[in-house]
């Protein structure tokens with residue numbers, strides 16, 4: 001009977017040790033889970049920030065494209081105006097020359 005009591009005590013002590021080790025493993029697993037959630041949250045935040053940056057860059061490209069188109073329109077207008085001044089000056093020179101020759 002003493003042997004059975006000793007076996008029960010040893011089994012109980014073993015069970016207590018096993019429970020403590022299981023609790024330690026569970027605590028480590030919970031810590032890993034919290035760390036993973038933190039990493040995932042940080043990565044999601046980075047993705048959100050990068051999406052915002054991409055949207056801002058797209059807006060900048062649109063603005064630059066609009067500026068370029070406006071500048072091209074202005075250059076064409078200035079070229080037309082310059083051409084008309086040249087034609088007008090040429091006609092004025094010819095007209096003045098004809099009046100002077102008469």
**Message:** Tell me the residue from 8, 70, 51 that is modelled with pLDDT under 95 and surrounded by 10 or more Cβ atoms within 10 Å (Cβ to Cβ), please.
**Reply:** 8
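Just to be sure, is residue 30 over 29 Å from the mean Cα position of the chain (by Cα), modelled with pLDDT of 95 or more and on the phi < 0 side of the Ramachandran plot? Steps first, answer last, please.
Numbers: over 29 Å from the mean Cα position of the chain (by Cα): yes; modelled with pLDDT of 95 or more: yes; on the phi < 0 side of the Ramachandran plot: yes.
So residue 30 fits the description; yes.
The values are calculated or read from the model by the stated rules, or taken from the named source; none is laboratory data. Here the structure is a predicted model, which is why all the values come from computation and not from measurement. Heads up, the Cβs are rebuilt from the backbone with ideal geometry, glycines too, and the neighbour counts pull from every protein chain shown.
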